[in-house]
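Trainee: Can you keep this structure in mind? I'll have questions shortly.
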Amino acid sequence: MLPCVELETSPNPSAAVIWLHGLGADGNDFVPIIPELRLEGCPGIRFIFPSAPSMPVTVNGGYVMPAWYDIIGRDLMDQEDAAGIHRSAAAISELIEREASRGIAYENIVLAGFSQGCAMALHIGLRFPHRFAGIIALSGYLPLAISLHTEKQAANQKTPIFMAHGLYDAVVIPERAEASYAMLEKMGHQVSWHEYPMEHSVNHEELMDISRFLQSVLIKTES
């Protein structure tokens, strides 16, 4: 089981958000945002922030760092590390199943991720056999896009997706994210697209939009 930081907004939560960090970070990276999300209107939520295992990352000269998968080139889509993506997907799916075993219904689980974590959230969320409440995809892209046509599951065809990107992102260029957004829309997924005047990061306006998204999908699934 992946090591995780866990925080609950109230005792006996009925919903869960599994939040996946970006390359080189760990499970502590997004913990400070919870108070900023102002989720008083939501049911009790268990936030789970797993840490990726450390591995050599080719694009960074083989330097060992926390990563969900290897990145071979800066294009991101060339020579994708399919084995690494599948390995991390299996580990993250174990966390999802653990939440189900703890009494959290699949439809009350949100997958969220930033950068590499965004890629993993989209990869898993669209292929998972049970419906999720929503997917939050920040400053990232859709990996292994070609195989999605044959591997996607009907359970999450209509799952709301919040997709956001910085206009000045030089790590995952906006065009890469926009292409993923266009593909998902073409495939009939319910994607809300958001742009912000920032680089490869998050800002207050984005957090407020995420708060509204979480409240909409979690309150709806609770009712």
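Trainee: Give the separation of the Cα centroids, the range 171-223 to the range 38-60, in Å.
Mentor: Measuring centre to centre over Cα atoms gives 16 Å.
Trainee: I would also like to ask the following. Rounded to the nearest 10 degrees, what's the angle between the helix 204-222 long axis and the longest principal axis of the chain, both from Cα atoms, 0 to 90?
Mentor: 50
Trainee: Residues with beta-carbon under 12 Å from that of His149, excluding His149: net charge, scoring Lys, Arg +1 and Asp, Glu -1?
Mentor: +2
Trainee: Calculate what fraction, in whole %, of the accessible area of the range 64-164 sits on carbon and sulfur atoms when a 1.4 Å probe is rolled over the protein chains.
Mentor: 55
Trainee: Now for a separate question. Relative to the longest principal axis of the chain, what angle (0 to 90°, nearest 10) does the C-alpha long axis of helix 82-101 take?
Mentor: It is inclined by approximately 10 degrees.
Trainee: Continuing with this model, one more query. Over the chain, what is the relative contact order in whole percent, taking alpha-carbon pairs under 8 Å and six or more residues apart?
Mentor: Relative contact order here is 19 percent.
Trainee: Another question about this same structure. With every protein chain present, what is the per residue accessible area of the chain (1.4 Å probe, Å²)?
Mentor: Numbers: 9410 Å² over 223 residues.
In whole numbers, the chain has 42 Å² accessible per residue.
Trainee: Now for a different question. Simple spin-label model, 7 Å along Cα-to-Cβ: Glu97 to Leu7 in nm?
Mentor: Computed distance between label sites Glu97 and Leu7 equals 2.9 nm.
Trainee: Amide H neighbours of Leu20 under 5 Å, counting only residues 5+ apart in sequence or on other chains, H built in-plane at 1.01 Å?
Mentor: Hits under the 5 Å cutoff: Ala112, Gly113, Phe114.
Trainee: Also, quick follow-up: What's the longest bit of the chain with no exposed trypsin sites (Lys or Arg not before Pro), using DSSP loop states and at most 12 other Cβ atoms within 10 Å as the test?
Mentor: Between the exposed loop sites, the longest stretch runs 1-73.
Trainee: Counting each DSSP H run of 4 or more residues in the chain as -39500 (n - 2.57), what helix-only mean residue ellipticity at 222 nm follows after dividing by all residues, to the nearest 500 deg cm²/dmol? Intermediate values should be presented prior to the final figure.
Mentor: Values: 5 runs with 69 residues, N = 223.
So the helix-based figure for the chain works out to -10000 deg cm²/dmol.
The values are calculated or read from the model by the stated rules, or taken from the named source; none is laboratory data. Here the structure is a predicted model, which means the values were calculated and not measured. Virtual Cβ from ideal backbone geometry, glycine too; neighbours counted across all protein chains shown. The area values use the complete protein model at the heavy-atom level, side chains included, leaving out ligands, DNA and RNA. Shrake-Rupley method; radii C 1.70, N 1.55, O 1.52, S 1.80 Å.
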